[in-house]
1. Using the C-alpha atoms of the range 287-341, what convex hull volume per residue, in cubic angstrom, is computed?
2. Taking the Cα centroid of the range 166-229 and of the range 326-341, what is the distance between the two, rounded to the nearest whole Å?
3. Give the relative contact order (percent, whole number) for the range 218-283; include only Cα pairs under 8 Å separated by 6+ residues.
4. Using the basic label-point model (7 angstrom from Cα toward the beta carbon), what is the residue 121 to residue 184 distance in nanometres?
5. Let a ≥ b ≥ c be the square roots of the eigenvalues of the Cα gyration tensor of the range 184-238; is it rounded (a/c under 1.5), or, if not, prolate (a/b larger than b/c) or oblate?
6. Rounded to a whole number, what is D in µm²/s for the range 186-330 from Stokes-Einstein with the Kirkwood radius over alpha-carbon pairs (4 °C, 1.567 mPa s)?
7. Taking the mean number of other Cβ atoms within 10 Å as a proxy for protection, how do you rank 292-304, 121-133, 250-262, 193-205 from highest to lowest?
8. Can you classify the range 218-283 as rounded, prolate or oblate using the Cα gyration tensor, where a ≥ b ≥ c are the square roots of its eigenvalues, rounded means a/c under 1.5, and otherwise it's prolate if a/b beats b/c and oblate if not?
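What follows draws every value from the coordinates through simple rules; no lab data is involved. In this text the structure is predicted, and so the values were computed from the model without any measurement. Because the Cβ atoms are built from the backbone with ideal geometry, glycine has one as well, and the counts that use them run over all protein chains shown.
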């Protein structure tokens, strides 16, 4: 049953990408202009694909456009006309596209594969063959065909659809294809990095963030993301480097990056540096009581119980209700020393 649902979902995803086919079929039936002329001479292969995928009304309503009255007999008639000129013109691609419009997936696959045997670089054949595979439920092969077609925009939309269906691995495959097609696509890289993290592969995510840094070295977000990955992996020295680089590129010096710097220094037992970063975080956001607790802990590590007590009390005054913090204040008041840890 799950397989059937996936196949139905793929069919629904694929159907939106045939929005221009009724017009194409209509022209073919009238024999006004050949398919090859539409694709290459008038629009251009990639321009045709972009047009097919940037029609927002089709994206929102995956069905035949309302401006064309579709005659069900047209899909039956067009192949007959095309076969009459089969000896003069290669019609495999056109017949494959028409079969796909009629949802005859086996015929579409056969015709389009035959076309690619004759013309391996026919991007429109690759594109519609990719949709045939998607309708058949073979997402990976569909992605490969769309990548061969250079169809970046539909691959991005496919990734979004797959994410909506919780198909993260397949969405990642689509995003990886987009990244290979467009070395400057930052958005797809950020989404792919996020998915790799969720899949438990921080090293892959980190590598992608390095690519984004190379593309946009003045933006701070990829530095902070890289720093967090390294911090979580226990690579605190490297994490500090990335967090500091993020601060250099962010004139507002947000509290949370400063706090991340402090935590990294604390993990390295570099307490004066940690306190300095925490104090800057307080300057950026004076009411965040958690940072006062962090400074209190750092002061205790340096053997400064009274300074620690001061910051703990500040945290309590700002609304911190942690029992350990209250107990630390009471202990220092009684023993003039920090509680042992």
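1. In the range 287-341, the Cα hull volume divided by residue count equals 62 Å³.
2. 46 Å
3. 28 percent
4. 2.3 nm
5. Oblate is the answer for the range 184-238, as a/c is 1.5 or above yet b/c matches or exceeds a/b.
6. Rounded, D is 80 µm²/s.
7. Top to bottom by mean Cβ count within 10 Å: 121-133, 292-304, 250-262, 193-205.
8. Taking the square roots of the gyration eigenvalues as a ≥ b ≥ c, the range 218-283 is oblate.
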